[in-house]
Structure formats: structure tokens, C-alpha cells
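Everything below concerns the one structure shown next.
The values are calculated or read from the model by the stated rules, or taken from the named source; none is laboratory data. Please read all numbers here as calculations on a predicted model, not as lab measurements. Note: ideal-geometry Cβ built from the backbone for every residue, glycine included; neighbour counts use all protein chains shown. We work out accessible area using only protein heavy atoms, side chains counted, and drop any ligands, DNA or RNA first. Shrake-Rupley method; radii C 1.70, N 1.55, O 1.52, S 1.80 Å.
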Amino acid sequence: MNFFLLFRDELTGFYKSNVMLILWLGLPLLAILSFLFFPANDELPMSFIASSIISGIGGFLAALMLAVHIIHEKSRHVYELFLIRPVKRSHIILAKFFAVFLCVALASILAISLGFTIDHLFLNRFSAQLFKNTIESVIISLSIIAIECAAGALVGVLASSVIFGVILVVITHNIASLTVLLPIMNKATHPVLMAVLSGFLLSAFFLITAIRVFRKKQF
């Protein structure tokens with residue numbers, strides 16, 4: 001089976017799920033609520049507030065959704081039937097990763113864009129710095145979500161029960177957030193570049209590990 005067919009099937013399944021429905025509606029709502037409770041200013045733009053909340057909640061739910069989905073498929077012996085066909089095991093993991101990442105990334109970009117709009121309309125300003133802050137917020141948010149999705153795939157492959165999987169997702173959630181946000185909190189020279197590099201390296205590590213473990217599974 002072609003990778004893109006797998007990806008299309010996974011994407012269709014995930015974006016119609018109840019969790020994604022919550023994210024499509026909930027993340028923009030969170031952006032509005034964060035504006036009401038944490039008013040933006042020149043030093044702390046709305047887009048950054050929104051991205052911090054969105055990447056934390058959206059990334060965690062993405063990892064949890066992916067991990068639980070794989071655990072349930074293992075428990076129902078889905079892969080025994082699936083792998084009778086000429087399907088690469090790596091394609092199964094990658095299709096799930098990209099499908100969840102794309103869904104959550106789009107929901108996050110929508111919510112952060114709403115934060116940018118609120119900055120512009122309610123504070124009556126539009127500047128190159130505001131636009132730059134928004135782009136940086138999107139990049140940081142996507143880096144965290146990428147790590148969490150990759151970690152969710154690894155947890156799903158490793159965990160034998162949902163409870164154990166949830167515990168591992170909580171641990172990886174903290175690792176992902178700290179990895180990306182620490183350079184920013186410590187005011188590193190190039191915090192956004194560090195966020196992208198950390199996101200890429202840690203996501204690649206989790207995905208490669210997940211694929212290797214999945215290949216050794218007996219189905």
C-alpha cells in the first residue's frame with residue numbers, strides 16, 4: 001500500500017475524530033479567553049500568550065490521541081491483518097505522525113492567527129515587530145507539537161496499556177515543552193532557531209526510535 005494512501009486514510013480518520021473537533025473549536029476559544037484574562041502589551045504580545053497555551057494543550061492532546069490510537073490498534077490486533085499486505089512498518093508510523101501533526105498544526109495556526117487579529121484590532125496596531133512575533137510564536141508552537149506527536153508515536157509503540165501510555169505522554173510533554181521553551185526563557189542568542197533545531201532533532205529521535213521498535217514487534 002502506498003504511503004500517501006495510508007496518510008490520506010489516517011488524516012481522514014483523525015480530522016473527523018472527537019478530539020480534533022474539540023481542538024478545532026477549543027483552541028480559537030482559548031485564544032480569545034487568554035486575551036480576556038491576560039491582556040497583551042508591547043512586551044508580551046497576544047500571539048505569544050496564545051502560542052504558549054495552544055502548544056501546551058494542543059501538543060499534549062495530539063500526543064495522547066496518537067499514543068492511545070496505536071495502543072488500541074495493537075490490543076485489537078489490527079496490525080496482524082494490516083501487515084499481511086506489502087506495507088512498510090515505517091509508513092504506518094510516519095502516516096500517523098504526519099496526519100496528527102498536520103491536523104493539530106492547522107488548528108494551532110488558526111488560533112494563533114486569531115491572537116494576531118486581536119492584537120491588531122483591540123490594540124489598534126500593526127507593525128513589522130508584531131508580525132515577526134506572531135511568526136515566531138507559530139514556529140515555537142509547531143516545534144513543540146512536532147516533538148509531542150513524535151513522542152506520542154513512540155509511547156504508542158512502547159506502551160502495553162492506556163494508563164501506562166498516559167503516564168509516558170505526561171513525561172514526554174514536559175520534556176518537549178522544556179526543550180523548546182528553555183532557550184527562550186534563558187534569552188538565548190537565537191531562541192527561535194534553537195526551538196526549530198530542538199524540535200527537529202528530538203522529533204527525529206523519537207520517530208526513528210518508534211520505527212525501530214515497531215519493526216521488531218511480533219505481529
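Test residue 84 against the stated conditions and say whether it is part of a loop (DSSP other than H, G, I, E, B), at pLDDT below 85, out of contact with any strand residue (DSSP E or B) (no Cβ under 9 Å at 6 or more places or on another chain) and open to solvent by 50 Å² or more (accessible area, probe 1.4 Å).
Yes; evaluated as a whole, the condition is true for this residue.
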Which numbered condition in (1) out of contact with any Leu (no Cβ under 8 Å at 6 or more places or on another chain); (2) under 29 Å from residue 33 (Cβ atoms); (3) open to solvent by 70 Å² or more (accessible area, probe 1.4 Å); (4) modelled with pLDDT of 80 or more is the only one that residue 121 fails?
(4)
If residue 208 satisfies all but one of (1) among the aliphatic types (A, V, I, L, M); (2) more than 17 Å from residue 94 (Cβ to Cβ); (3) modelled with pLDDT of 90 or more, what's the number of the condition it fails?
(2)
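Please go through region 87-98 and give me each residue that is aromatic (Phe, Trp, Tyr) and either modelled with pLDDT under 90 or surrounded by fewer than 24 Cβ atoms within 10 Å (Cβ to Cβ) (or both), ordered by number. Give the derivation first.
If we filter region 87-98 for residues that are aromatic (Phe, Trp, Tyr), which is where we start, we get 97-98.
Passing the criteria: only 98.
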Here are the criteria: (1) under 17 Å from the mean Cα position of the chain (by Cα); (2) open to solvent by less than 70 Å² (accessible area, probe 1.4 Å); (3) at pLDDT below 80. Tell me which single one residue 15 does not satisfy.
(2)
Sort out which residues of region 199-219 are over 21 Å from residue 75 (Cβ atoms) and either among the aliphatic types (A, V, I, L, M) or buried (at least 21 other Cβ atoms within 10 Å of the Cβ) (or both), and write them in order of number.
199, 201, 202, 203, 204, 206, 207, 208
Quick one: how many residues across region 51-70 are aliphatic (A, V, I, L, M) and open to solvent by 10 Å² or more (accessible area, probe 1.4 Å)?
6
Residue count, region 152-175, condition in a helix (DSSP H, G or I) and either open to solvent by less than 10 Å² (accessible area, probe 1.4 Å) or under 15 Å from residue 204 (Cα atoms) (or both), comes to 10
Would region 99-107 turn up any residue that is assigned to a helix (DSSP H, G or I) and either under 18 Å from residue 158 (Cα atoms) or at pLDDT below 80 (or both)?
no
